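Notes follow the structure.
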Amino acid sequence: MRKLIFAISALALATSASFADPQEEREALMKANGRAMGALSAYVKGEKPFDAADVLAQLNKISEDAQKMDAAMLWPAGSATGNSESSPKIWEDPAGFQAAIDKFKTDAAAAAAAPPADVDALKASMGAVGSNCGTCHEAFRIKKG
């Protein structure tokens with residue numbers, strides 16, 4: 001009986017995962033990354049005193065979310081609908097897009113693994129991580145409004 005309940009639960013979970021909206025998932029990841037980068041920017045701009053624990057938490061959030069990014073799962077063909085900002089270049093150059101994601105993953109993980117001890121070091125970390133955002137957005141994003 002337990003095996004049957006487990007099997008039904010696993011099937012229900014797998015089915016619900018297959019109905020997940022990749023556009024919503026990727027937008028949620030992007031918004032979370034934007035919030036984390038915004039929090040880090042406040043330290044760089046001097047709007048908040050440097051807080052090493054919060055900086056590490058934000059860098060960990062960015063790194064964790066970066067690791068969730070998978071072009072095939074979050075940008076499947078046909079998923080640019082409605083208000084999507086995804087450029088057709090994503091599907092025209094899937095290898096280039098995946099390479100951009102992979103670089104972001106690597107740089108975000110490196111930043112979290114070596115947390116900055118002060119604002120100057122944070123600037124360097126943000127430069128490395130943030131350049132990935134800018135590069136990818138320039139090549140693979142449609143600017144709305």
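Every read-out reported here was derived from the displayed coordinates using simple, explicitly stated rules and does not represent laboratory data. Bear in mind that the values here come from a model prediction, so they are computed numbers and not experimental data. Every residue, glycine as well, gets a Cβ built from its backbone with ideal geometry; the counts of neighbours run over all protein chains shown.
Structure summary
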{"read-out": "GNM result for the chain, Cα springs below 10 Å: residue of P88, P22, P49 fluctuating most strongly", "value": "P49"}
{"read-out": "Theoretical FRET efficiency, 1/(1+(r/R0)^6), r = Cβ-Cβ of A128 and E85, R0 35 Å, to 0.05", "value": "0.90"}
{"read-out": "Given charges at Cβ of Lys, Arg, Asp, Glu: the stretch 21-140 dipole, positive-most of H137, Y43, L29", "value": "Y43"}
{"read-out": "Loop-located trypsin sites (Lys or Arg not before Pro) in the stretch 30-111 whose Cβ has at most 13 other Cβ within 10 Å (DSSP)", "value": "K45"}
{"read-out": "Cβ-defined net charge surrounding A36, 9 Å radius [Lys, Arg +1; Asp, Glu -1]", "value": "+1"}
{"read-out": "Cα-based convex hull volume of the chain per residue, rounded to whole Å³", "value": "142"}
{"read-out": "Efficiency of FRET between I142 and E64 - r from beta-carbon atoms, R0 30 angstrom, step 0.05", "value": "0.70"}
{"read-out": "Whole-Hz couplings from phi, Karplus 6.51/-1.76/1.60, listed for the stretch 115-131; x for Gly and Pro", "value": "x, x, 8, 7, 5, 4, 5, 5, 4, 5, 4, 5, x, 5, 5, x, 5"}
{"read-out": "Whole-number percent relative contact order across the chain, with pairs defined as alpha carbons under 8 Å at least 6 apart", "value": "29"}
{"read-out": "Point-to-point label distance, M73-K103, nm (Cα→Cβ direction, 7 Å offset)", "value": "2.3"}
{"read-out": "Dipole moment magnitude, nearest 20 debye, the chain about Cα centre, only Lys, Arg, Asp, Glu C-beta charged", "value": "260"}
{"read-out": "Segment V119-F50, extension gain: residue separation times 0.36 nm, minus the distance between their alpha carbons", "value": "24.2 nm"}
{"read-out": "Amide H contacts under 5 Å for S86, placed H, 5+ residues apart", "value": "I142"}
{"read-out": "18 Å Cα-Cα reach of K89 towards lysines, excluding residues that sit fewer than 8 places from it in its own chain", "value": "K103, K143, K144"}
